Every structure is written in C-alpha cells, then in structure tokens.
1. Across the stretch 362-391, what is the total count of residues that are in a helix (DSSP H, G or I) and either touching a residue at least 24 places away in the same chain (Cβ under 8 Å) or in contact with a Ser or Thr (Cβ under 7 Å, 6 or more places away or on another chain) (or both)?
2. Considering only residues that are of a type outside the set (A, V, I, L, M, F, W, C), surrounded by fewer than 18 Cβ atoms within 10 Å (Cβ to Cβ) and assigned to a helix (DSSP H, G or I), which ones fall in the stretch 306-316?
3. Which of the residues that make up the stretch 232-247 are within 10 Å of Leu95 (Cα to Cα) and in a helix (DSSP H, G or I)?
4. Quickly run through the stretch 121-161 and pick out the residues that are assigned to a strand (DSSP E or B), among the hydrophobic types (A, V, I, L, M, F, W, C) and farther than 22 Å from Thr357 by Cα.
5. Here is a list of conditions, (1) in contact with an Asp or Glu (Cβ under 9 Å, 6 or more places away or on another chain); (2) open to solvent by 10 Å² or more (accessible area, probe 1.4 Å), and Leu211 meets all of them except one; can you say which number that is?
6. Kindly list the number of the only condition in (1) in contact with a Ser or Thr (Cβ under 9 Å, 6 or more places away or on another chain); (2) open to solvent by 60 Å² or more (accessible area, probe 1.4 Å) that fails for Pro260.
7. Would it be correct to say that Leu390 is over 29 Å from Val5 (Cα atoms) and open to solvent by 10 Å² or more (accessible area, probe 1.4 Å)?
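The values are calculated or read from the model by the stated rules, or taken from the named source; none is laboratory data. On a predicted model such as this, the values are computed, not experimentally measured, just so you know. When we count neighbours, we look across all protein chains shown, and the Cβ atoms used for this are built from the backbone with ideal geometry, even at glycine. Quick note on the areas: whole protein, heavy atoms, side chains included, nothing else; ligands and nucleic acids left out. Shrake-Rupley method; radii C 1.70, N 1.55, O 1.52, S 1.80 Å.
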Amino acid sequence: MTFDVERARAETPGTRHVTHFNNAGAALPPRPVLDAVAAHLDLEARIGGYEAEAQARDRIERVYDSVAALLGCSRDEVALVENATVGWDMAFYSLRFDPGDRILTAMAEYSSNFIPYLQVARKTGAVIEVIPNDAHGQLDVAALADSVDDEARGPVKLISITHIPTNGGLVNPAAAVGRIARARGIPYLLDACQTAGQMPIDVDGIGCDMLSATGRKFLRGPRGTGFLYVRKGLLERLEPPMIDNHAATWVAPDRYELRPDARRFENWESNVAARIGLGAAVDYALDWGLDAIWERIRELADLLRDRLASLPGHAVRDLGETRCGIVTFTAPRPAAEIKRDLGARGINVSVTAAPSTRLDMEARGLDEMVRASVHYYNTEEEIDRLVAALR
C-alpha cells in the first residue's frame, strides 16, 4: 500500500516548522481541522455564539455520525465531551460498587484511571485486582479468565483496561478481553485514548460496553475534545454522576427524566468550534483510511526501533505481541535533558515517568523513559534526524 506522505505533509502546516514525535501527546492538526475551527470562531465573532451554533446545527449533528462511523456504533451511543478523562469518569462513576466488588485492570493502567479506582475502593470497599502480564508483557488473558471464574474472590463488577498504554509501545489484547467480559455479562470499559486515529476500532468486534477517547492525539483534532461510547443495552441502566438540563429534562417540580441516548453523559455548555474541529478530524482520518494509517504508523515505529537499537547505551523498552506508534527508550542521559536538547534542535519528544504508569514502571525497574511517537506524516528522514541528534 502506497501512502501519500507528500499530501499529508502539505496539509499539515506544522511539518514546515518542527519535527514532531509527540503525537501521543498532541498531534499536529491538518489544514481541514484548522479551517473548520477558525471558520466557526469567525462566525461567532460576526453573529454571536448562540446564533452561530444554531446556524451550524447540521454540521454539529454530523459529528455524531462521524464518530459512530469511526467506532462502528449507533450515533445514539455517542457522547461528545470535553476530553477523554471526562468521558471515562462519567462512565466509571455511573457504576455502583458494593463492598467486595472487584475491579479488574491491567499492569500498564494509566494513573488517571487508577486513581479513581483507589478513590472508589476507599469509599465503597470495592477491591482492585491487577491482572498480571503474560510472557509478552501484555495483559494475560488466561489469568483474567481464571480471576473472573474464581467466584470465591468476590463478584467482578467491572473490567477496565487501557487499550494502548501511554508508554511501552504495547497494544493490549482488547478483543480477547471483550470475549471474556461478554460471555460472563461483566461491564467492560476501554480507554482508547491512544487508539483512536492510530488503528481501526470496532466496538462490536472488541466487545467493550464503554469506550473513551480524545481528539488531540492520533486523531489530530483540537485540544479540549473527546467522546464516549456507551452500548445501548448498558446505557439504559446508567445514570451519570453529574447531570444538567441538557442531560435531563425537568418534567415536574419533583421529577426529572434522563435523555434516552448517550448525550445524558454530556452537559449543555461546550466549545462548539472545537466540536466541529473534532468532526473534521474524524472525517479526515476516515478519508485516509484507518487501515492505511495503522500500516504506515507501524512501519515508521518499527524503523525507529531498529535505528535506536543501533545506538550505544540506548535501550528500546517496548512490549507486547502487537506494537504501536509509541516508541519508548532509555539512554545514558536523563530523559528530561534529552527532551530539552532535542527541542532546541526543533525535534519534539516527551518524557514518560513512573507516576503515569506506576505498576508497570516499578515492575520493570524504570523511573522514566523518552517517548517518541510517530504519525503517518512523519518521514524516514525525520527518523534519521532524530537518531543522529541522539547520537
């Protein structure tokens, strides 16, 4: 498959100014996203915010269709939220936990998820159980099945994992987890923050009941955007932890009714321009094709791993049978110094530290790593430039 890198770079203004390997943080937005956001902001300035939203109503509604197409779900199962954390929190805190209920998660779980587990465990008496990794460094599916079937340890109220962790190059076996969750009727929450825009997503094939994602990473959308998927069969049983007059209707002095769709997880006020930009980003990714994007990203990441392996004192720290566009490594110098000095040369990377994925990092004896995350608009020449700078 031939990927039109020249077109991708021509439509990405940032590539003329920086060598960007921080796509797992926030990718460079393409021109259609920039134009969509700027056009709506200009409309707000000319005619007013409410009036601009009314005029753009059809375009805003199409964002739900675009996200549904990205995920393979119904538009009624999609909520547009301020960021992935808000979406994940709205789903997680909608569940009710009793003493002894188990929350099953993975070794590479992200801190913004694990901290709520700890909070709920402290408040309710629920129990957090971390499923060990297998020989490849990914969640051990057999151990998960054994844990779920061991009823003496208490009821499993939730399986919640990060599909692609923030570091380690790992892609957890989400569909295998989904088969276990579905067979036993256990709610399954998937953090797809690093997945959306990087690889194809099919929520039915994965078998998750809830999925959260952001716009700013591999989707190349605006910051401050995200979405939440909730399967209709579960949606009808969940009441969000916070609601307003968008999520529900005040139908009598002593009664309200929740919306019947996933928008019960939204609130009334939103950044309309950013939402339109998110829709443009999703449409842009769908236009390229997620299979083509995924193939291009993996090729670049594998090339980077090979180049890094040739550098004395540098060690690639990635795990898993399937590896993604997030490449993490250690070097003879502190990661923060490397990031600073590369930045001075116009090369963007990031640092991933133990507090982000504490269980995984401590198990591997790591305090910090450099994270270089590629996207399809990166080039082989940029990889060579990064490696030469490290050398």
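1. Just the residues of the stretch 362-391 that are in a helix (DSSP H, G or I), to begin with: 362-363, 380-390.
This time we only want the ones that are either touching a residue at least 24 places away in the same chain (Cβ under 8 Å) or in contact with a Ser or Thr (Cβ under 7 Å, 6 or more places away or on another chain) (or both), so: 363, 380, 382-387, 389-390.
Of the residues in that region, 10 qualify.
2. Hit for the stretch 306-316 is Asp306, nothing else.
3. As a first pass, look at the stretch 232-247 and keep what is within 10 Å of Leu95 (Cα to Cα): 237-241.
Listed by number, the list is empty, since nothing qualifies.
4. Restricting attention to the stretch 121-161, the residues satisfying the condition of being assigned to a strand (DSSP E or B) are 127-131, 133, 139, 156-161.
Cutting the leftovers down to among the hydrophobic types (A, V, I, L, M, F, W, C) gives us 127-128, 130-131, 139, 156, 158-159, 161.
The one that is assigned to a strand (DSSP E or B), among the hydrophobic types (A, V, I, L, M, F, W, C) and farther than 22 Å from Thr357 by Cα: Val156.
5. Just one mismatch for Leu211, condition (2).
6. In the conditions (1) in contact with a Ser or Thr (Cβ under 9 Å, 6 or more places away or on another chain); (2) open to solvent by 60 Å² or more (accessible area, probe 1.4 Å), Pro260 misses (1) alone.
7. On the way: over 29 Å from Val5 (Cα atoms): no; open to solvent by 10 Å² or more (accessible area, probe 1.4 Å): yes.
Considered against the rule, which asks whether it is over 29 Å from Val5 (Cα atoms) and open to solvent by 10 Å² or more (accessible area, probe 1.4 Å), Leu390 comes out as no.
Residue by residue, here is whether (1) β-branched (Val, Ile, Thr); (2) buried (at least 17 other Cβ atoms within 10 Å of the Cβ) holds:
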| position | (1), (2) |
| --- | --- |
| Asp291 | no, no |
| Asp302 | no, no |
| Leu319 | no, yes |
| Phe329 | no, yes |
| Leu342 | no, yes |
| Arg345 | no, no |
| Thr357 | yes, yes |
| Val374 | yes, yes |
| Tyr377 | no, yes |
